[in-house]
Every structure is written in C-alpha cells, then in structure tokens.
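Let me begin by presenting the structure, written as structure tokens, before commenting on it.
The numbers here are math on the coordinates, done by the rules we state, and not lab data. Being a predicted model, the structure only gives us computed values, none of them experimental. Cβ: placed from backbone, ideal geometry, glycine included. Neighbour counts: every protein chain shown.
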Amino acid sequence: MQIKILGTGCAKCQRLEQLTREVVAELGIEAEFDHVRDMKAIMAYPIMTTPALVVDEEVMVFGRMPSKDEIAGWLKQA
C-alpha cells in the first residue's frame with residue numbers, strides 16, 4: 001500500500017502523517033509512506049487545501065484532520 005501525505009510540512013500535515021502511521025501500526029498493515037511537500041506535485045492532485053491523505057493514488061480526505069477511526073476505515077477498504 002502506498003500512502004502519501006500532501007502538505008508543505010505544517011503542524012496539521014505532520015499530525016496527519018503521525019496519525020496515519022499509528023493506524024497502520026495498529027492494523028498491522030504494510031505501507032510505504034511519502035510526504036509530498038513540493039507544491040507542483042501537490043497541485044497534480046484534485047485537492048483545494050492541505051493536508052491531504054492519498055492511499056494508492058486515491059484522495060481520501062483533504063483540508064481537514066480526519067479521526068483515527070476514519071483513517072482506519074479507509075485503510076481497511078484499500
């Protein structure tokens with residue numbers, strides 16, 4: 001599973017990555033993480049604001065901080 005965090009490195013972006021890593025560990029999922037900070041690369045995705053969570057090239061959420069339960073649900077479906 002490929003997980004990308006889209007964001008320039010703000011506190012919310014860092015928190016989203018931390019939460020997602022925690023959920024991956026709790027679920028025992030194997031995943032590769034990539035924190036995309038380059039604005040051109042971020043703008044290639046259909047998002048309006050950061051932070052954003054992308055799982056296997058599908059945008060799951062952007063512009064808000066999801067709960068751990070939401071993240072877990074998305075990762076289980078992927």
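Numbers below:
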item: Residue in the stretch 1-53 that is surrounded by the fewest Cβ atoms within 10 Å (Cβ to Cβ), counting only those that are among the small types (Gly, Ala, Ser) and over 9 Å from the mean Cα position of the chain (by Cα); result: GLY28
item: Residue check for LEU75: of a type outside the set (S, T, N, Q) and touching a residue at least 60 places away in the same chain (Cβ under 8 Å); result: yes
item: Of all residues making up the stretch 1-26, the number that are within 16 Å of ARG64 (Cβ to Cβ), among the β-branched types (Val, Ile, Thr) and not in a helix (DSSP H, G or I); result: 1
item: Neighbours by Cβ (under 7 Å, 6+ apart or cross-chain): first from the stretch 4-19, over 12 Å from VAL54 (Cα atoms); second surrounded by 13 or more Cβ atoms within 10 Å (Cβ to Cβ) and not hydrophobic (A, V, I, L, M, F, W, C); result: THR8/ARG37; THR8/THR50; GLY9/ARG37; LYS12/PRO51; CYS13/GLY7; CYS13/THR50; CYS13/PRO51
item: Residue match in the stretch 30-40 (condition: touching a residue at least 24 places away in the same chain (Cβ under 8 Å), assigned to a helix (DSSP H, G or I) and within 10 Å of LEU6 (Cα to Cα)); result: yes
item: Residues being within 15 Å of GLU17 (Cα to Cα) and surrounded by 11 or more Cβ atoms within 10 Å (Cβ to Cβ) - total across the stretch 68-78; result: 6
item: Top-ranked residue of the stretch 55-72 - restricted to ones that are touching a strand residue (DSSP E or B) at 6+ places or on another chain (Cβ under 8 Å) and free of Cβ contacts under 8 Å to residues at least 40 places away in the same chain, ranked as farthest from MET1 (Cα to Cα); result: GLY63
